[in-house]
Amino acid sequence: MLNTAYASNFHAVTFSDFSLTLLDQRKLPHEETYLTFTDAESIAHAITDMVVRGAPAIGIAAAYGVVIAAHSQRQQPKLQLDDAIEQLANSRPTAINLFWALEKMQTVLNQYKNHSIDDQITALLTQAEHIHLQDIKDNQTMGTLGASLIENNSQVYTHCNAGALATGGYGTALGVIRSAARDEKITQVFAGETRPWLQGARLTTWELMRDNIDVTLVGEGGAGQLFRQGKVTWVIVGADRIAANGDVANKIGTYNLAILARHHGIKFMVVAPSSTFDLNIQHGDDIPIEQRSEKELTELQGLPIAPKNCKALNLSFDVTPNDLIDVIICEKGILKPPFNDHIKRLLSL
Ligand code: MRU
């Protein structure tokens, strides 16, 4: 089993003996339940159903899903992984890390197509573990880079969960917050509730409290008044996909926060590894935005909260235009406007 113990004091994703174990994020913070998966189809469902979530963690889980699909065909004359890869690719549409990881796995398959099945599976496993470990390293690098910009006595606001739960470990936005808190630069973290899955209320608070980082939950819609009171100096968020021009798709509500932050003179930081950039998409308007079930809005844990047959629009992500972003932290460096040129230059390194 891969040693990721140094990345966080829990593991959202672990792989051993050709089975994938996921910390069931639907049950947190009240139950710490682990589910084990031994086929790619169930892993695809687990991604759709939010057992595992967060752009990098989805990519890592899918990469292990390909390894599991290959292992299940060990006795066959030839690996046929197209269906499994397609199922995994169809699990969620917005986070580019999913497609990036599957493409990496496909490249290994192409490279090893004339090798024995055992060698192909070993090569796939090596690649999946590399994706996993590299993500943790990148998060730690981004943590250091991002924390270098945070002033002493900062109060930061974060949205959704871009922590160890959403990545291989350590986190992107929460990685910066962890590093800055370790450097004693942060006096307070505010975690936005994040309707309807409540990633902020359930997950970010859980993660930070386990690390003894002072966190206060803020109700959905509460950011405006908080910002107005001068209680926040930085907004720090993750990303699901970043277009070539620096427009950022992230959890619904991020765009609102960026507008509020600009209005109140609060700096806005996005933290994402290079695997989150999609240079094939020039503009944020072309990023596919996941629309999830209406029930996630009209019901609360199975209980109806809206009138029967009430229509609902459950967009899971929004796009923050690049001109509202002060800085993007990537493992390759710190990106500042104008993003177009800087992104192209930095990602080609
Ligand atoms: O729907 P989710 O919970 O998968 O959305 C997660 C986010 O929006 C995160 O901010 C993003 O994936 C970055 S995680 C490091």
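Ignoring ligands, DNA and RNA, what percent of the accessible area of the chain is carbon or sulfur (1.4 Å)? Walk me through the intermediate numbers first.
Numbers: 7410 of 15100 Å².
After summing per-atom areas, the C and S share lands at 49 percent.
With the Cα gyration tensor of the stretch 1-146 giving a ≥ b ≥ c as the square roots of its eigenvalues, does the rule (a/c under 1.5 for rounded; else a/b larger than b/c for prolate; else oblate) give rounded, prolate or oblate? Show your work: numbers first, answer last.
On the way: a/c = 1.69, a/b = 1.41, b/c = 1.20.
Prolate, because a/c is 1.5 or more and a/b exceeds b/c.
In nm, give the distance between the simple-model label positions of residue 73 and residue 26, each being 7 Å from the Cα along the Cα-to-Cβ direction.
2.9
Report ³J(HN,Hα) in whole Hz for each residue of the stretch 155-162, in order, from the Karplus equation J = 6.51 cos²θ - 1.76 cosθ + 1.60 where θ = phi - 60°; Gly and Pro get x.
10, 10, 10, 10, 10, 6, 9, 10
Ordered by packing density, taken as the mean number of other Cβ atoms within 10 Å over each peptide's residues, highest first, how do 201-213, 18-30, 250-262 rank?
Details: 201-213: 19.8, 18-30: 17.7, 250-262: 22.0.
By packing density, highest mean first, the sequence is 250-262, 201-213, 18-30.
Under the Kirkwood approximation for Rh and a Cα-based Rg, what ratio Rg/Rh is obtained for the chain?
0.97
In nm, to one decimal, how far is the modelled label at residue 282 from the one at residue 48, with both set 7 Å along Cα→Cβ?
3.4
Fully extended, how many nm does the chain gain between residue 345 and residue 231 (0.36 nm per residue separation, minus their Cα-Cα distance)? Write out the running numbers ahead of the final one.
Values: separation 114, 0.36 × 114 = 41.04 nm, distance 3.57 nm.
Separation in residues times 0.36 nm, less the Cα-Cα distance, equals 37.5 nm.
Against the longest principal axis of the chain, how steep is helix 117-147, in degrees 0 to 90 to the nearest 10, with axes from Cα atoms?
Here the helix axis deviates by roughly 10 degrees.
What is the stretch 62-140 by shape, rounded, prolate or oblate, if you read a ≥ b ≥ c off the alpha carbon gyration tensor as root eigenvalues and call it rounded for a/c under 1.5, prolate for a/b larger than b/c, and oblate otherwise?
Working: a/c = 2.29, a/b = 1.41, b/c = 1.62.
Since a/c reaches 1.5 but b/c is at least a/b, the shape of the stretch 62-140 is classed as oblate.
Translational diffusion coefficient, Stokes-Einstein: compute it for the stretch 297-349 using the Kirkwood radius over C-alpha pairs as Rh, at 4 °C and 1.567 mPa s, and state it as an integer in µm² s⁻¹. Intermediate results must be reported in sequence, preceding the final value.
Working: Rh = 14.7 Å.
This corresponds to a translational diffusion coefficient of 88 µm²/s.
Under Stokes-Einstein, with the Kirkwood radius over Cα pairs standing in for Rh, what whole-number D in µm²/s applies to the stretch 142-347 at 10 °C and 1.306 mPa s? Intermediate values should be presented prior to the final figure.
Details: Rh = 17.2 Å.
Estimated diffusion coefficient is 93 µm²/s.
Spelling out what I want: for every residue of the stretch 242-258, take phi, set θ = phi - 60°, compute 6.51 cos²θ - 1.76 cosθ + 1.60 (Karplus), and round to whole Hz; glycine and proline get x.
10, 6, 4, 8, x, 5, 10, 8, 8, 3, 3, x, 5, 4, 4, 4, 5
With a cap of 14 neighbouring Cβ atoms within 10 Å, and only residues DSSP puts in a loop, list the trypsin sites (Lys or Arg not before Pro) found in the stretch 30-119.
Numbers: sites: 53, 74, 78, 104, 113; in loops: 53, 74, 78, 113.
Listed in order of number, the matching sites are 74, 78, 113.
So if R0 is 41 Å, what FRET efficiency would residue 303 and residue 264 give, r being the distance between their Cβ atoms, rounded to the nearest 0.05? Intermediate results must be reported in sequence, preceding the final value.
Working: r = 36 Å, r/R0 = 0.88.
It comes to 0.70.
Run the quick spin-label model on residue 217 and residue 144: label points 7 Å from Cα toward the beta carbon, then report their separation in nm to one decimal.
So the label points at residue 217 and residue 144 sit 3.5 nm apart.
The values are calculated or read from the model by the stated rules, or taken from the named source; none is laboratory data. What you are looking at is a predicted structure, and each value in this text was computed from that prediction instead of being measured. Cβ: placed from backbone, ideal geometry, glycine included. Neighbour counts: every protein chain shown. Side chains are part of the model used for accessible areas, which takes the heavy atoms of the whole protein and leaves out ligands, DNA and RNA. Shrake-Rupley method; radii C 1.70, N 1.55, O 1.52, S 1.80 Å.
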